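First up is the structure itself, then whatever we jot down about it.
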Amino acid sequence: MNLESLPKFYSPKSPKLNDVSPATGGDALNITDVMAAQGMVQSKAPLGFDLFLAKMGIQPPDAAVNALKKYAMALNNPALKKLSDDSRQEIISCLVQFAFADYSRSAASKVVCVHCSGAGVRRVVQDVIKHPGVKGVAANIKREDVDELCLHCNGKGEVSTACRGCKGKGTVLDEKRTRLHGVPVVKICGRCNGNRYSRVPTTLARAAVNKIVPDLTDYQWYSGYADIINRLVTKCWQEEAFAETQLRNVTR
Ligand SMILES: [Zn+2]
Ligand SMILES: [Zn+2]
């Protein structure tokens, strides 16, 4: 049994276990076996298991996020050491949220647009022409808050997590080789590295960090904060893989 087959033991809305047996024929596990296996995995690979359940929307991400915060603190990155305790906590919490969002995108086909927080519109201050002005009467123009269509999601409030390079297929047509051989040749998509989903743009995390550290340099960003995000995302995948191994071992 693998992690991917776990969510079907949960009803979609409530976190309660249901007694529907797995649809796949070869799986001879019953609900009692599955619950016992889960208990084992939870004790042997708590972080990976919490991460996976949170990613699938089966449990809230709090436990996973707290564990990731501890991990980020223990990295002892020099960029974070210089900060006050409050700023450090705030930044770590932001980096962890970002890393978790990036990791959990692999499970979703659509996510809330981060540019407009799902609203589909963005508040901007603009000159609004109240009266265009005619001869003898001055134009009446006021600066007002107006809602502008979010261009990132085109007002939909959500975006597809499928990679834009390969549309979620993971592979693209290798035009050079296709021309050379005269038959379609595919290659791993360079944009997503074959992962099929697009990453959350790190510029958004940088903007958040910049609010707390106004004089942020490129060097500080890449060697400090961006590096922590990368390590956190890698950690998520490693922990999930470890939980997967544990689950396979107990349900073999
Ligand atoms: Zn948007
Ligand atoms: Zn791709």
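Please verify whether the stretch 155-169 includes one or more residues that are surrounded by fewer than 12 Cβ atoms within 10 Å (Cβ to Cβ), more than 16 Å from ligand 1 (Cβ to nearest atom) and without any contact (Cβ under 8 Å) to a residue 12 or more places away in the chain. Walk me through it before giving the result.
Looking only at the stretch 155-169, we keep the residues that are surrounded by fewer than 12 Cβ atoms within 10 Å (Cβ to Cβ), and these are none.
No - not one qualifying residue is present in the stretch 155-169.
Starting from the stretch 119-141, keep only residues that are more than 30 Å from E158 (Cβ to Cβ), then list their pairs with residues that are away from ligand 1 (no atom under 16 Å from the Cβ) and of a type in the set (S, T, N, Q) whose Cβ atoms are within a distance under 8 Å, requiring at least 6 positions of separation or different chains.
Once the first residue is more than 30 Å from E158 (Cβ to Cβ) and sits in the stretch 119-141, its partners that are away from ligand 1 (no atom under 16 Å from the Cβ) and of a type in the set (S, T, N, Q) give I129/N140; K130/N140; H131/N140; G133/N140.
What is the number of the single condition among (1) charged (D, E, K, R); (2) in the same structural domain as F100 (by TED's automatic domain parsing); (3) over 30 Å from A45 (Cα atoms) that R231 does not meet?
The single condition R231 does not satisfy is (3).
I'd like to check something: does the stretch 170-190 contain any residue that is within 16 Å of ligand 1 (Cβ to nearest atom), closer than 30 Å to H115 by Cα and outside any helix (DSSP H, G or I)?
Within the stretch 170-190, none of the residues are within 16 Å of ligand 1 (Cβ to nearest atom), closer than 30 Å to H115 by Cα and outside any helix (DSSP H, G or I).
Is it the case that the stretch 208-225 has a residue that's part of a loop (DSSP other than H, G, I, E, B), surrounded by 13 or more Cβ atoms within 10 Å (Cβ to Cβ) and touching a residue at least 12 places away in the same chain (Cβ under 8 Å)?
Looking only at the stretch 208-225, we keep the residues that are part of a loop (DSSP other than H, G, I, E, B), and these are 213-217.
Adding the requirement that they be surrounded by 13 or more Cβ atoms within 10 Å (Cβ to Cβ) leaves 213, 216.
Applying the additional criterion that residues be touching a residue at least 12 places away in the same chain (Cβ under 8 Å) yields 213.
Yes, that holds for at least one residue.
Got a number for residues in the stretch 85-107 being within 16 Å of ligand 2 (Cβ to nearest atom) and assigned to a loop (DSSP other than H, G, I, E, B)?
Total satisfying the criteria: 2.
Based on what the data block shows, is T234 within 16 Å of ligand 1 (Cβ to nearest atom), closer than 25 Å to F100 by Cβ and in a helix (DSSP H, G or I)?
no
If we keep just the residues of the stretch 132-141 that are part of a strand (DSSP E or B) and surrounded by 10 or more Cβ atoms within 10 Å (Cβ to Cβ), which is nearest to the chain's Cα centre (by Cα)? Lay out the reasoning, then the answer.
In the first step, residues of the stretch 132-141 are kept if they are part of a strand (DSSP E or B); the result is 134, 137, 140-141.
Then keep just the ones that are surrounded by 10 or more Cβ atoms within 10 Å (Cβ to Cβ); that gives 140-141.
On the way: N140: 45, I141: 42 Å.
Step by step, filter the stretch 132-141, then rank; the result is I141.
Let's see how each residue does on (1) buried (at least 18 other Cβ atoms within 10 Å of the Cβ); (2) at pLDDT 85 or above; (3) not polar (S, T, N, Q):
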position: G25; (1), (2), (3): no, no, yes
position: V34; (1), (2), (3): yes, no, yes
position: G39; (1), (2), (3): no, yes, yes
position: K55; (1), (2), (3): yes, yes, yes
position: N66; (1), (2), (3): no, yes, no
position: Y71; (1), (2), (3): yes, yes, yes
position: N76; (1), (2), (3): no, yes, no
position: D85; (1), (2), (3): no, yes, yes
position: A101; (1), (2), (3): yes, yes, yes
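The values are calculated or read from the model by the stated rules, or taken from the named source; none is laboratory data. Given the structure is predicted, the values throughout are model-derived calculations rather than measurements. Neighbour counts are summed over all protein chains in view; Cβ atoms, including those assigned to glycine, are modelled from backbone coordinates with ideal geometry.
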